[in-house]
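Just below is one structure, and these are the notes that go with it.
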Amino acid sequence: MTFKHVFYLFAFLCLTKTTHAQYQTSEARTWNAYPPSVVKSGYGFNQSKVVLMEGDAEDVEVILFSRDAGHYPYFDLFRSYYVIIGYYSKEVKYTSSEILSDKRELILEDRNKDGCFELYRRYLKDGQFTVDENGNNLRGHWVYDRIEFNKSK
Amino acid sequence: MKLKYIGLLFVGLFFLQLLPAAAQQKLKALIVTGQDGNHWWKGSTDAIQKILENSDRFKVEVAVTPPLGQDISSFRPTFKSFDLVVVNYGGTTWPKDTQRDMEQYMEAGGALVVIHSAIVPMADWPEYNKMTALGAWDGRDERVGPYVYYKHDRLVYDYSPGSAGHHGLQHPFTVCHKKIEHPILKGLPPLWSHFKDELYTRLRGPAQHMEVLATTIDDTDARNDGREDPLMWTVNYGKGRVFVTVMGHVGNDPELRYAMECTGFQVTLLRGCEWAATGQVTQPVPKDFPSDGIQTFRKEFKAPFNAK
């Protein structure tokens, strides 16, 4: 094989690569609201809100996933967690830990009045609780959290 | 003096005759249970037994299948020895011989009562589907028969394709009687509030020889467009009578039977059992029966002293 042949082969390969690049696209996204991978086993979508949150330049969609965790005569218990996804970038920015509560709430409030929302949640510490023999009088250590997240971490 | 003793003897004999007669009037009921993946069948069976026996109308025996996943081929209760069979079961399909026994029992004039999740199992037993008329889940879809519901006060047989069975979160709901002259419902308030329960809707099945007695509207179902789903119905199978109630959820997490503690559930179940077994209802309308907006409870599964 002469140098000339090698040169032609090199030129052909370069051309092929360039041609391929013409048709190369980013990986297709097959989901719309949230990627299926963020849904943990047994959980389902409950509700979502689009807000601008503290410390973030982009609007985000905060999505609550939950599942039943027991039915009692006058209340129900739910396990739930939040996922925060960039509204335009569709990047999953944060997945919260799972909590146990008697409500499925998405508490997004601007309590410090700075134009950005904060995410709050109310839950039973360590998922521990007691009820009486009739399944009433839910007691436990209630925790009131403000969820902070930092996408740079 | 002698005459006085003879008279007392006759009076004594008279009452002695009455005692076994009263005992004979008790109807023999068999509760079939033992498997249910989503319900605390021991708790619900205990409640049903108490409801029936505390009425002094029934004497109850319980037939328990082997646990879920184990071989039940030897499970074969003698249905024909009982005036009534109550199915509180949500597990493996019964063996063929047991199925045939039940079919023969019902064709000959037996009595069957089916409670809550017992409309779910045994979808692969066509005659059971006919006995229950409507069912849910377990692979049931348009092949088993139509959806049945009331809409605009008309009974609808909806043959559109789709799976059977839906329930949302447990909640209290209002029961609406559609056949107020039926012996099971006669004299009871036509609207009453049922305590928190797991409401089964989108039921479908052969729906033959059935009469829908009561319905409710599932207002927690966003897809509901005015449909009233059946809550209680009767079925004629051969010469036998079937009463089905989809109320009476008992959760499998804690042993809480609040849906069965509802007076309305207990009274309609009791009347349905008596109707299935005898064709008539002799029990009076109790004073503690719930009404529209009023829920009442019998936590001990028996009528309070002031119910009559």
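What to note about this one:
- Filtered by the rule that a residue be more than 11 Å from residue B:265 (Cβ to Cβ), touching a residue at least 24 places away in the same chain (Cβ under 8 Å) and among the polar types (S, T, N, Q), the range B:286-308 gives a lone residue, B:291.
- Residue ID - nearest to residue A:58 (Cα to Cα), chosen from residues in the range A:80-105 that are in contact (Cβ under 8 Å) with a residue 60 or more places away in the chain and of a type outside the set (D, E, K, R): A:84
- Any chance residue B:201 is crowded, with 22+ Cβ neighbours inside 10 Å and without any contact (Cβ under 8 Å) to a residue 60 or more places away in the chain: yes
- Subset of the range B:135-170 [among the hydrophobic types (A, V, I, L, M, F, W, C) and either touching a Gly at 6+ places or on another chain (Cβ under 6 Å) or away from every other protein chain (no Cβ under 14 Å) (or both)]: B:136, B:137, B:144, B:148, B:155, B:156, B:164
- Among the candidates B:28, B:50, B:59, B:80, residue that is crowded, with 17+ Cβ neighbours inside 10 Å, modelled with pLDDT of 95 or more and either among the basic types (Lys, Arg) or assigned to a loop (DSSP other than H, G, I, E, B) (or both): B:50
- Hits in the range B:140-164 - residues which are of a type in the set (Ser, Thr, Tyr) and part of a loop (DSSP other than H, G, I, E, B): B:159, B:160, B:163
- Some residue of the range B:110-118 being assigned to a loop (DSSP other than H, G, I, E, B) and either surrounded by fewer than 14 Cβ atoms within 10 Å (Cβ to Cβ) or modelled with pLDDT of 95 or more (or both): yes
- Put simply, of A:66, A:89 the only residue that is among the polar types (S, T, N, Q) and within 14 Å of chain B (Cβ to nearest Cβ) is A:66.
- Residues in the range A:86-105 that are modelled with pLDDT under 95 and aliphatic (A, V, I, L, M): A:92 alone.
- Scanning the range A:52-77 for residues that are open to solvent by 10 Å² or more (accessible area, probe 1.4 Å) and among the hydrophobic types (A, V, I, L, M, F, W, C) yields A:52, A:57, A:69, A:75.
- Filtered residue count, the range A:43-63, keeping only those that are within 14 Å of chain B (Cβ to nearest Cβ), closer than 14 Å to residue A:98 by Cβ and without any contact (Cβ under 8 Å) to a residue 40 or more places away in the chain: 1
- Qualifying residue in the range A:13-32 (condition: in a loop (DSSP other than H, G, I, E, B), open to solvent by less than 60 Å² (accessible area, probe 1.4 Å) and at pLDDT below 95): yes
- Where a residue in the range A:131-143 is more than 14 Å from chain B (Cβ to nearest Cβ) and its partner, wherever it lies, is assigned to a loop (DSSP other than H, G, I, E, B), with Cβ under 8 Å and at least six apart: A:139/A:129; A:139/A:131; A:140/A:128; A:140/A:129; A:141/A:128
- Among residues of the range B:194-225 being outside any loop (DSSP other than H, G, I, E, B) and within 14 Å of chain A (Cβ to nearest Cβ), the one that is nearest to residue A:74 (Cα to Cα) is B:196.
- Condition met for residue B:259 (open to solvent by less than 10 Å² (accessible area, probe 1.4 Å), outside any loop (DSSP other than H, G, I, E, B), within 14 Å of chain A (Cβ to nearest Cβ) and within 18 Å of residue B:87 (Cα to Cα)): yes
- Some residue of the range B:232-253 being open to solvent by 20 Å² or more (accessible area, probe 1.4 Å), under 21 Å from residue B:89 (Cα atoms), within 14 Å of chain A (Cβ to nearest Cβ) and over 19 Å from the mean Cα position of the chain (by Cα): yes
- Test: residue B:223 is in contact with a strand residue (DSSP E or B) (Cβ under 6 Å, 6 or more places away or on another chain), more than 29 Å from residue B:284 (Cβ to Cβ) and either basic (Lys, Arg) or open to solvent by less than 10 Å² (accessible area, probe 1.4 Å) (or both): no
- Condition met for residue B:267 (surrounded by 24 or more Cβ atoms within 10 Å (Cβ to Cβ), more than 14 Å from chain A (Cβ to nearest Cβ), aliphatic (A, V, I, L, M) and part of a helix (DSSP H, G or I)): yes
- Among residues of the range B:112-132 that are under 18 Å from residue B:42 (Cα atoms) and free of Cβ contacts under 8 Å to residues at least 12 places away in the same chain, none has a Cβ under 6 angstrom from a residue that is among the acidic types (Asp, Glu) and open to solvent by 10 Å² or more (accessible area, probe 1.4 Å) at a sequence gap of 6+ or on a separate chain.
- Residue within the range B:92-109 that is of a type in the set (Gly, Ala, Ser), open to solvent by 20 Å² or more (accessible area, probe 1.4 Å) and part of a loop (DSSP other than H, G, I, E, B) present: yes
- From the options A:100, A:124, residue that is touching a Gly at 6+ places or on another chain (Cβ under 6 Å) and within 14 Å of chain B (Cβ to nearest Cβ): A:100
The values are calculated or read from the model by the stated rules, or taken from the named source; none is laboratory data. Keep in mind that this is a model prediction, so the values were computed, not measured. All Cβ positions, even for glycine, are placed from backbone atoms using ideal geometry, and neighbour counts span all protein chains on display. When the accessible area is computed, the model is the full protein with side chains, heavy atoms only, and any ligands, DNA or RNA have been set aside. Shrake-Rupley method; radii C 1.70, N 1.55, O 1.52, S 1.80 Å.
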